[in-house]
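Undergrad: What follows is a structure written as structure tokens; I'll ask about it next.
The values are calculated or read from the model by the stated rules, or taken from the named source; none is laboratory data. A quick note: this is a predicted structure, and the numbers were derived from the prediction, not measured. Positions of Cβ are generated from backbone atoms using ideal geometry, with glycine treated the same way; all protein chains shown enter the neighbour counts. Keep in mind that these areas ignore ligands, DNA and RNA; they rest on the heavy atoms of the full protein, side chains included. Shrake-Rupley method; radii C 1.70, N 1.55, O 1.52, S 1.80 Å.
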Amino acid sequence: MPGSSCPTPFRPGVFPALSNTPKAVPTNLITGFLGVGKTTAIQHLLRHKPAGETWAVLVNEFGEVGIDGALLRDGGARVREVPGGCICCVAGLPMTVALNQLLGRERPDRLLIEPTGLGHPAQIMSTLMGPFYQQVLDLRATVTLVDPRKLADSRYTDNEHFQDQIAIADVLIANKQDLCADSDWKRWEALVAEASPPKALVERVSQGAIEPAWLDCSRSERPLHHPHLHQNNPLKAPTAPVETLAFLPEGEVMARRANQGQGHFSVGWVFTPDWEFDYDRLFSWLNGLNVARVKAVMITGDGIFSFNGQDGVVSVSELDETPDSRIELIDDKPIDADEVERTLKSLVG
């Protein structure tokens with residue numbers, strides 16, 4: 001993009017010098033609304049990171065059981081999860097504890113932070129820019145992904161979180177370009193033209209194919225439209241670390257967790273690894289689900305697969321391993337968890 005202050009094209013193993021101290025960790029916020037493809041984009045970045053570098057990811061999910069962490073670990077990342085609410089609620093304690101553990105144990109060469117798509121970016125940026133992390137983190141470009149098809153939907157464009165996720169972006173990326181029509185691009189171009197100040201970089205990609213060099217675009221202080229929204233209407237704080245759900249009490253073979261906030265509802269399940277689902281019936285059922293989002297990592301008779309669905313379209317990827325099966329449903333109306341659970345049990349074997 002003309003006038004961009006981004007670095008030259010990516011070369012493996014080469015990044016600009018750190019701007020703070022030699023030990024400061026280059027850090028990026030990867031944000032975007034629910035279902036835009038943030039996790040897919042981070043997976044792409046992990047596959048194309050410089051050889052020999054250790055990258056870490058701090059991931060926050062609206063749901064309680066945590067799916068994204070399993071997907072990112074499969075890509076070789078060092079991952080800490082803050083599930084079931086807002087990453088920065090309760091004075092930032094869940095976030096700072098997870099962040100300190102990740103930095104202290106892994107000593108990464110780069111840190112990516114993926115907040116929930118239903119969260120507001122104001123408080124997390126305040127924490128990252130606070131005095132404790134000024135000499136620890138080298139805060140670089142905030143990257144926001146947008147699905148241009150959603151720009152015709154007032155449920156997105158009128159959403160204050162969606163608006164501020166776009167406002168805070170240094171790098172604004174139209175994801176899923178292969179699915180967009182001309183009318184979608186007209187709305188996208190209008191959105192870009194309205195940005196003030198202009199973005200450091202604007203790009204179009206498919207399948208979250210972000211270039212690692214884009215992470216090192218310049219970061220600017222950008223005014224938000226609703227800077228106090230988070231304090232006035234926060235998501236609830238997490239209830240328990242997601243890792244504890246993998247270790248059920250003796251005799252228990254399944255756990256169910258629910259959450260709600262920002263006009264959305266989630267229900268998720270964790271199953272011990274002896275649950276083996278029928279792939280064909282599971283896939284058929286997932287394709288017919290009438291919910292806004294479904295994410296799953298499931299052990300089946302045909303192997304281990306991740307399922308990622310939005311608006312009735314489900315994509316599938318094969319994984320190498322998982323300690324358990326997990327599934328999360330998110331919708332803007334209450335979910336009949338008992339009925340879903342009965343169906344899941346019927347899909348075993």
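Undergrad: Along Cα→Cβ, 7 Å out, is where each label goes; now give me the distance between the ones at residue 280 and residue 158 in nm to one decimal.
TA: Rounded to a tenth, the inter-label distance reads 4.5 nm.
Undergrad: Would you kindly find the accessible area of residue 61, with a 1.4 Å probe and non-protein molecules such as ligands, DNA and RNA excluded, rounding to the nearest 10 Å²?
TA: Using a 1.4 Å probe on the heavy atoms, I get roughly 10 Å².
Undergrad: With a ≥ b ≥ c taken as the square roots of the eigenvalues of the C-alpha gyration tensor of the stretch 257-306, please select rounded if a/c is under 1.5 and otherwise prolate if a/b is larger than b/c or oblate if it is not?
TA: Working: a/c = 3.21, a/b = 1.65, b/c = 1.94.
Oblate shape, in that a/c is at least 1.5 and b/c is the bigger or equal ratio.
Undergrad: Now, a different point. Amide H to amide H under 5 Å from residue 204: which residues, 5+ apart in sequence or cross-chain, H placed 1.01 Å off N in plane?
TA: Correct list: 174.
Undergrad: Let me ask you something else. So which lysines can residue 333 reach, going by Cα to Cα under 25 Å and dropping same-chain residues fewer than 8 places off?
TA: 38, 150, 236, 295, 345
Undergrad: Once you place label points 7 Å from the Cα toward the Cβ at residue 342 and residue 48, how far apart are they in nm?
TA: 4.7 nm
Undergrad: May I pose another question? Taking R0 as 35 Å, what FRET efficiency do you get between residue 190 and residue 253 from their Cβ-Cβ distance, rounded to the nearest 0.05?
TA: The calculated FRET efficiency here is 0.10.
Undergrad: From the P(r) of the stretch 266-340, can you give the percent of Cα pairs sitting at distances over 14 Å?
TA: 58 percent
Undergrad: Further, regarding this structure: Among the aspartates and glutamates, select those whose C-alpha is under 18 Å from the C-alpha of residue 176, and discard any that sit fewer than 8 residues away in the same chain.
TA: Within the straight-line cut-off, residue 176 pairs with 147, 153, 184, 189, 203, 211, 311.
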